[in-house]
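Taking it in order: structure first as structure tokens, then the write-up.
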Amino acid sequence: MSENLDTTLVRIEASYRNLDQVIGWIGNADNKALILLAFHGAVIAGGAAIFPAALQSLLEQLSVWMRILVIGPLVAFGVCFLVSVLRASRAIVPDVTTSEQSIGQHSPFFFGSVAGMTLDDFRARMYALDPKSLEEELIKNTYVIAGIAARKFCDVKAALYFLLLALVFLLVAIVIATVFLVVW
């Protein structure tokens, strides 16, 4: 019996460390998303200061078909930039699926369940946990939080991809405008 309990306690410790690692990943994803959003803010502030006058001056100097060649990449920049902002914003908001909510329902470790319990109910559920039940709760909570972390990193990756794509479109527009202004 003692060997079985020792094995369970070792697995509980391993599950706890795994859960702690996954929670760290969520923090990393949130930090990356916030850095991207800060960069978005800087681009918006810089663009608001420079873009209107530069675009007006540029459009006055270019013919109609040259304007189209410049405005096309600028529109693509705007769309990609907006998608990047939306995906980075989505990454900082917890995204818990319905199936994950049902897994964590009535769990003394799942934040949504704990928030809905009274202190006495929470205390009773925690005191009622035996080592096997504790291990099961840690496993379920790790599973749910790992799913949240995976979706956060997917959103951060998409936000970075669309930001880079937006910057490429902006560079293309700048190069086209510069070439037309210098050549013509």
### Query
Counting each DSSP H run of 4 or more residues in the chain as -39500 (n - 2.57), what helix-only mean residue ellipticity at 222 nm follows after dividing by all residues, to the nearest 500 deg cm²/dmol?
-31500 deg cm²/dmol
### Task
Compute the distribution of all C-alpha to C-alpha distances in the chain, in bins of 10 Å from 0, and list the percent of pairs in each, rounded to whole numbers.
9, 24, 21, 15, 12, 9, 6, 3, 0
### Query
When the chain is treated as a GNM, springs tying every alpha-carbon pair under 10 Å, which of Ala76, Ala33, Ala128 comes out with the largest mean-square fluctuation?
Ala128
#### Entry: Separation in nanometres of the label points that stand 7 Å from Cα toward Cβ, at Val64 and Tyr127
8.3 nm
#### Entry: Cα principal axis extents for the stretch 63-167, largest first, Å
77, 24, 17
### Task
Give me the Debye-computed log₁₀ of I(q)/I(0) at q = 0.20 Å⁻¹ for the stretch 109-184, equal point scatterers on Cα only, no solvent, two decimals.
-0.92
### Query
Taking the Cα centre of each part, how many Å lie between the stretch 145-176 and the stretch 20-49?
11 Å
### Whole-number D in µm²/s for the stretch 23-73 (Stokes-Einstein; Kirkwood sum over Cα pairs; 10 °C, 1.306 mPa s)
117 µm²/s
### Query
To the nearest Å, what is the center-to-center distance of the stretch 54-69 and the stretch 110-135, using C-alpha atoms only?
65 Å
### Query
Looking only at Ile148, Ile92, Ile50, which one moves most when the chain is put into a Gaussian network model with springs between Cα atoms under 10 Å?
Ile50
### Task
Would you calculate the volume per residue, in Å³, of the smallest convex hull containing every Cα atom of the stretch 1-52?
32 Å³
### Message
Given Cα positions, please report Rg to Rh for the stretch 53-114, the hydrodynamic radius being the Kirkwood one.
### Response
1.47
### Query
Between Ile50 and Val179, what is the spin-label point distance in nm, taking each point 7 Å from the Cα along the Cα→C-beta axis?
2.0 nm
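Each value in this text was obtained by applying a stated rule to the coordinates, not by laboratory testing. Fair warning: this is a prediction, and the values are worked out from it, not measured in the lab. Here the Cβ is made from the backbone with ideal geometry for all residues, glycine too, and neighbour counts use every protein chain on show.
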